[in-house]
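Take a look at the structure set out below.
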Amino acid sequence: MPLPPALPAKLISEAELAAGETLLQSGKVLDLETWKQLQALPIHLSDDGLLVAIASNSDRDTREQLERSEE
């Protein structure tokens, strides 16, 4: 299955950063060490999926690793 297109690049807000911190602490997403390796941060979890901020929206390897970890 192909990856969905990346969203346009933008800076995350303080609220999104706080939400990401809450998600990390909840244990509902990958462990902290994995997020550090991916240089990514979960910022929103819903029934539709997980919204993730990554260091570069052109980093296809990170996007593919995240998709594999959901399986």
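The values are calculated or read from the model by the stated rules, or taken from the named source; none is laboratory data. Owing to the predicted nature of the structure, the values given are computational and were not obtained by experimental measurement. All accessible areas refer to the heavy atoms of the entire protein, side chains included, with ligands and DNA or RNA removed. Shrake-Rupley method; radii C 1.70, N 1.55, O 1.52, S 1.80 Å.
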Practice item. Kindly report, to the nearest 10 Å², the accessible surface of residue 60 as traced by a 1.4 Å probe over protein heavy atoms only. Key: 120
Exercise for review: Give the accessible area for residue 36 in Å² (nearest 10); use a 1.4 Å probe, count only protein heavy atoms, and leave out ligands, DNA and RNA.
Suggested key: 120
Review point. Once the whole set of protein chains is in place, how much accessible area is left on residue 22, using a 1.4 Å probe, in Å² to the nearest 10?
Key: 90
Review point. Which value results when the Cα radius of gyration for the range 9-71 is divided by 2.2 N^0.38 Å?
Key: 1.04
